[in-house]
Amino acid sequence: MTREEADKLLHVYVDGELDAAKSLELEAHLAGNPAARAACERLREMSAAIRDRADYHAAPPALAARLRASVPAAPERAPRLAWRLWLKPAAAFAAVALLTWIVAVQTLRPGEDESIAREVLASHVRATLANRLFDVASSDQHTVKPWLSARLAFSPPVADLSSHGFELRGGRLDYVGGRAVAALVYQRRQHVIDVFVWPIETQKSEQVSTHDGFNIERFAKNGMGFWLVSDLNRNELGDFARLVAAAP
Amino acid sequence: MGPMSQGKRRFEELVLPHLDAAFNLARWLTRNDHDAEDVVQEAMLRAFRFLGGLRGEAKPWLLAIVRNSCLSWLQVNRPAELAGFDDRAPEPVDEASPEMLALRQCDRRMLNEALAALSAQFREALILRELEDLSYRDIARITDVPIGTVMSRLARGRRLLAESLQAISNAAAPQVHK
């Protein structure tokens, strides 16, 4: 790799957008080139400085309130008059419907979760039995994340937790609950931990369960659902779940 | 439920959660709280009207609308600033990587000033990348340029920012001059 090419790719690499093959090439270049390594470090610092120190301007609360109030009045107003007559009985009906819906969802959800738990467990067991753990093997989050992002409709968060004794081994694509999902593969001693990630619409509560000797842990964060599967003991898997949840 | 309430529900579920991102982008592009509020309000109403056209992820879709609203607003109120969105911005002076000493020493205020002073095309690329954590693909979609342009804008933007921090810290401490 020439210096010019490396310079150009450095930003892409630091942004976690370089594909796996190019990342490996660049990493080899960095390994033998202290000046390029220093440049990479400077870029990371620059990126971190903006993230940490630039102002994030959150919307003033009054704006959200104003928008909520003004939005329904914006388009097609026609049905409004007819509506007014029905508003009170409709509101009562809606309240009952909502209540029924909540109860239904609470009782039905375990069934849906149960089937997802079975699917992620099956995927984990298949992968470990067949020794087909990953499609991309790398301990570098900046290799695994772009590889997965390039093949999925979303970008899964990939954390480096090696300092806590959880080594990133790689990632693979899988199919769970009728959608393509990311599976991140970590290792603790001889135990393999699969982390399945995909975007979810509704935040679900945390949950721990045991299936056939495997521990499964579930939580949601920033619009992403996480399912952790491993034969690792429950305590350590719980620690791992907390680390994943706390990672930026 | 009627089509209207359904639209409102969809809006509240899909679009409103990204209000902070919308405001942050508008605030960095207009560089003023009050103007950002006007722009965002206008953009959100537009988003509500065009909600039927939403395919895929809502955040980049909404931010593209916010950015367009910013451009229309600037066109009317501060047309001179539109030039900053074109590819006619200054090349970085120093082709070698500038010293990062300035970066380590810079405080919040200096960084924010330097970022606000960047030409709009670099400012928006950096804000979308570093503060909104968006992918190159999403940034390309929002700013309506090819991915290659996003890459070069981020690279040049970072270099210009480093230079400008260097200049600010030199100005703040003139005795540093050799």
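Per-structure values
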read-out: Label-point separation, B:Arg49 to B:Val76 (7 Å along Cα→Cβ), nm; value: 1.2 nm
read-out: Of B:Lys8/B:Lys59; A:Lys22/A:Lys221; A:Lys145/B:Lys8, those spanning more than 25 Å from alpha-carbon to alpha-carbon; value: A:Lys22/A:Lys221; A:Lys145/B:Lys8
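A short reminder: the numbers here are calculations on the coordinates, not readings from a lab. Bear in mind that the values here come from a model prediction, so they are computed numbers and not experimental data. As a convention, Cβ positions derive from the backbone with ideal geometry for all residues, glycine included, and neighbour counts pool all protein chains shown.
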